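Only one structure is covered here, and it is reproduced in the block below.
The values are calculated or read from the model by the stated rules, or taken from the named source; none is laboratory data. It should be emphasised that the depicted structure is a prediction, and the values quoted were computed from it without experimental measurement. Here the Cβ positions follow ideal geometry from the backbone for every residue, glycine too, while neighbour counts run over all protein chains shown.
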Amino acid sequence: MQAAGRLFLCARCRAQVLICGRCDRGQRYCTAECSRTMRRASVRDAGRRYQRTRRGRHLHAARARRYRARNKIVTHQGSPAPAVDDVVPPASIAVAGGQPERLEGPAATATSRSSRCGRCCSRLPPFVRLDFVRRRRPSLDPPD
């Protein structure tokens, strides 16, 4: 019997993802890009929370004093100037004629109901799980 797949929503972009049991490692994100984006946001938020603490404020002030002592600029660099000759990709242009946009990537595979894994493209059985497989832990108590 083939292992059932799992259908889930990406925790970042909310795209539906269908994944087979062999590839399922408890993923929460549809692609590596969504994972990297959320990781960067998580690290940034942790830094902000830390700098709101007394210890974080003091260590940040000490680091800024050391930078000033070495005649370095303490603030962040500004944003790069936008390129004048950039071309807008066709996917980002709004559809004028009222035609629905075509989905691409993981969202397209899940919404078209093609029962294939989003990672390895293997065929999946018609039924999928909506949650993780829960494994029972053996009890430590001896049976009566």
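Some values worked out for this structure:
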| item | result |
| --- | --- |
| Test result for R116, surrounded by 13 or more Cβ atoms within 10 Å (Cβ to Cβ), at pLDDT below 85 and among the charged types (D, E, K, R) | yes |
| Considering residues of the stretch 122-133 that are surrounded by fewer than 12 Cβ atoms within 10 Å (Cβ to Cβ) and modelled with pLDDT of 75 or more only, the residue nearest to L9 (Cα to Cα) | L130 |
| First in the stretch 29-43 and assigned to a helix (DSSP H, G or I), second anywhere and surrounded by 12 or more Cβ atoms within 10 Å (Cβ to Cβ), Cβ under 6 Å, 6 or more apart | C34/C10; C34/R12; C34/C13; S35/Y29; M38/R12 |
| Enumeration of residues in the stretch 14-67 that are surrounded by 14 or more Cβ atoms within 10 Å (Cβ to Cβ), small (G, A, S) and within 30 Å of R129 (Cα to Cα) | A15, G21, S35 |
